[in-house]
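The values are calculated or read from the model by the stated rules, or taken from the named source; none is laboratory data. These numbers come from a predicted model, not from an experiment. Every residue, glycine among them, receives a Cβ derived from its backbone with ideal geometry; neighbour counts consider all protein chains shown.
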Amino acid sequence: MKTTNRERWLLFLLLAGVLCAAGASRLNNIGTGPSRLFAMCVNEPAASSAAPAGSTSENETAASAVHTVSSRFSRVVVVRLRNDADLLEGLKTAVAREKIKNAVILSGAGSLTSYHVHVVSNTVFPPTNAFFKGTGPYDLLTTTGYIIDGRVHAHISFSDTQKTLGGHLEPGTRVFTFAILTLGVLEEPASLDRFDDYTWR
């Protein structure tokens with residue numbers, strides 16, 4: 001049976017409508033303009049930077065070379081510790097009391113009667129640590145670090161008349177006159193999760 005040009009044209013339009021309907025569900029993942037219409041109507045896969053649903057890409061498990069999180073401070077918390085307080089335990093108590101989840105330790109000053117810190121002691125994975133401690137009068141010069149999901153990760157530097165030392169804060173660092181520490185609390189939903197996880201690389 002012969003078909004006229006009119007019938008061929010109607011058949012083409014009918015097929016095009018079916019293809020467009022099939023591709024409509026992907027509209028949110030397709031760009032704008034002619035490429036969007038073309039991809040929808042001819043059922044071409046749309047270019048997308050996102051991995052297909054249910055798949056796992058390398059970028060989901062490996063850390064990027066530079067990973068950033070942007071946030072404002074929702075508030076600033078100033079902490080004072082008195083004589084003989086343990087610096088690390090005092091920080092943990094303040095974080096729990098103030099219900100701090102993620103924060104930046106902006107500063108810390110005061111004086112110490114003892115210290116206990118560790119520093120990294122190798123340059124291959126897995127990393128190892130060297131711990132050292134001592135007693136005597138020391139000025140607390142700086143306290144820096146982060147509160148990561150409620151966990152304190154702090155570093156200190158301190159000095160006497162002959163040397164300046166520093167490292168990762170450990171229990172047993174005790175306050176002499178006082179210690180004042182300042183925390184900048186990050187707004188939700190900012191997260192520092194895995195920032196100090198050396199296996200995330």
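Quick check on my filter: what residues within segment 76-92 are surrounded by fewer than 15 Cβ atoms within 10 Å (Cβ to Cβ) and touching a Leu at 6+ places or on another chain (Cβ under 9 Å)?
VAL76, VAL78, ARG80
Restricting to segment 111-130, give me the number of residues that are surrounded by 15 or more Cβ atoms within 10 Å (Cβ to Cβ) and free of Cβ contacts under 8 Å to residues at least 12 places away in the same chain.
Looking only at that region, the number is 0.
Among the residues of segment 138-189, write down those that are over 15 Å from LEU88 (Cα atoms), in a strand (DSSP E or B) and not hydroxyl-bearing (Ser, Thr, Tyr). Before you say what the answer is, go through the steps one by one.
So the first thing to find is which residues in segment 138-189 are over 15 Å from LEU88 (Cα atoms), and the list is 138-139, 141, 149, 159-165, 177, 184-189.
From the residues that got through so far, the ones that are in a strand (DSSP E or B) too are 138-139, 141, 159, 164-165, 177, 184-186.
Listed by number, the residues that qualify are ASP139, LEU141, LEU165, GLY184, VAL185, LEU186.
In the list ALA130, ALA179, which residue meets the criterion of being modelled with pLDDT of 95 or more, closer than 21 Å to GLU98 by Cα and either under 24 Å from the mean Cα position of the chain (by Cα) or of a type outside the set (Lys, Arg) (or both)?
Numbers: ALA130 fails: closer than 21 Å to GLU98 by Cα.
Answer to the selection: ALA179.
For segment 67-85, which residues satisfy the criterion of being farther than 12 Å from ASN102 by Cα and under 19 Å from the mean Cα position of the chain (by Cα)?
HIS67, THR68, SER70
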